[in-house]
1. For a 28 Å ceiling on Cα separation, which of these pairs sit above it: Lys246/Lys368; Lys139/Lys204; Lys48/Lys215; Lys59/Lys402; Lys65/Lys224?
2. Which whole-number percent is the relative contact order of the chain (Cα, under 8 Å, 6+ apart)?
3. How large is the helix-only mean residue ellipticity at 222 nm for the chain, computed as the sum of -39500 (n - 2.57) over DSSP H runs with n ≥ 4, divided by its residue count, in deg cm²/dmol to the nearest 500?
4. Please identify, among Ile338, Ile237, Ile314, the residue showing maximal mean-square fluctuation in a Gaussian network model of the chain using a 10 angstrom Cα cutoff.
5. Is there a quick way to get the dipole size of the chain? I mean about its Cα centre, with the Cβ of Lys and Arg at +1 and of Asp and Glu at -1; what is the value in debye to the nearest 20?
6. Using the number of other C-beta atoms within 10 angstrom as an exposure proxy, rank Ile6, Ile156, Ile72, Ile367 with the fewest first.
7. So if R0 is 45 Å, what FRET efficiency would Tyr323 and Glu148 give, r being the distance between their Cβ atoms, rounded to the nearest 0.05?
8. Which order do Leu427, Leu159, Leu284 fall in if you start with the one that has the fewest other Cβ atoms within 10 Å?
Amino acid sequence: MYDAVIIGAGPAGYVCAISLARQGAKVCVIEKNGLGGTCTHKGCIPTKYLHSMGDIIRKAKSAKKFGINSNIEIDYSILRSKMRSIVSKLASGIGFLFKEHGIELIEGEASIKSQNQVIVNDRTLETKNIVLATGSKPKSFPTNNLAEKIVSTDSIFELEDLPESILVVGGGYSGCEFASILNALECKVWLVEMEDSLLPGQPKEVGAAIEKYMKLDGISVMTKSSMKITDDGKVMINEDEINPEKILISTGREPNFNTDELDKLGIVWNDEGITVNEYMQTNLSNVYAIGDIAGKYELAHVASYQGEVAAQNILGEKKTMDYSVVPFCVFVYPEVAIVGKCEGNSKEFPMVANAKANCLGDTRGFIKVFEENGILQGTIIVGAHASEIIGEATLAIKLKLKPKDVIETIHAHPTLPEAFVDALRSLDGKSIHMF
């Protein structure tokens, strides 16, 4: 009898497994597609690797103005090989951790027989708890006789060669990242979004900034627009015909679950995911759902924390999820990071006034901070390495710090986080590096 059988070994599932096993629980993990899940194999890791390679290319192209002459030739086969090597290394690392913690790993597709029984490879596993962590998959899209042109955010990594041109459909975080990365890798890129700004649901000033910088980089961005494929195979953006080599559909993801199986078990679900409480339990108290399948956020760091919370509750510790402070990062050029409530009294500090940004030769963007009743509420960062800077803002908001608590903490110089301090100083008109 297992203490828990976990179905899925992505950021939610593997973190849950390790969190349980290190406390002495008997754990079995079932995975059919590779340790690390979509994040490691088709999401976070390969895209951020390519983003970093794109950054190198961008820097090399701009090197001449700094007195460095260079010729750029991209060999995507080598880039792709290195990307796969990193993915394999990280997946192997998870496997090593499983062995060290005594976690049983079964490769195969699981089916749930009852709330205490899971079947895999004709074997029935008895368990006290079941954790569903099967992730999400790209939403389907009608191909209209253009199947050979269309790729998803999963299948794009299977391409052996970069397309000369690509249409990215969907201006959410994933679409924006792919558009920016592929442009940096010298593809001609169109990006189309139905809403009136990129990153729908985020502050419009962020979408406007991304759109401005994308256009400066040569990306054709079309908001308030739609793509359709005619019966004779023409690709139309509004009334204009384009002819991309590939079309990347980035219009969102959906939970990866077997609805018939859930209905048979009586587990409550909807189109967004499986319904869970603050303990990550479904309506069956010993069946948990974590990660994308739970429908709250499609973020690996949230999934991992949900895995920890589920593990603690399986161990009887009564831990609840707290979504009040969740950082959100978009790996474009420059990066974007947002955390907290972007409302209340606010001030903005331009990255061009930051010494380190000037040393890096990357002064695009700004940091905007929000406070209410003297407490830091939210932060928007558009700028180089925004994803690295946002951690300090996240901690400050989580701890309900006052701006002066951060201001009175000596920061190293010259560094990008000094811009965060200057933005906070601006709240009461005391910025050192801005009038």
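1. Values: Lys246/Lys368 37 Å; Lys139/Lys204 25 Å; Lys48/Lys215 21 Å; Lys59/Lys402 37 Å; Lys65/Lys224 37 Å.
Violating the 28 Å Cα-Cα cut-off are Lys246/Lys368; Lys59/Lys402; Lys65/Lys224.
2. 15 percent
3. -10000 deg cm²/dmol
4. Ile237
5. 1060 debye
6. On the way: Ile6 34, Ile156 21, Ile72 11, Ile367 30.
Lowest count first: Ile72, Ile156, Ile367, Ile6.
7. 0.65
8. Arranged by neighbour count, lowest to highest, Leu427, Leu159, Leu284 become Leu159, Leu284, Leu427.
We did not get these values from a lab; they are worked out from the coordinates using the rules stated. The model shown is predicted, which means the values in this text are computed figures rather than measured ones. All Cβ positions, glycine included, derive from the backbone under ideal geometry; neighbour counts span all protein chains shown.
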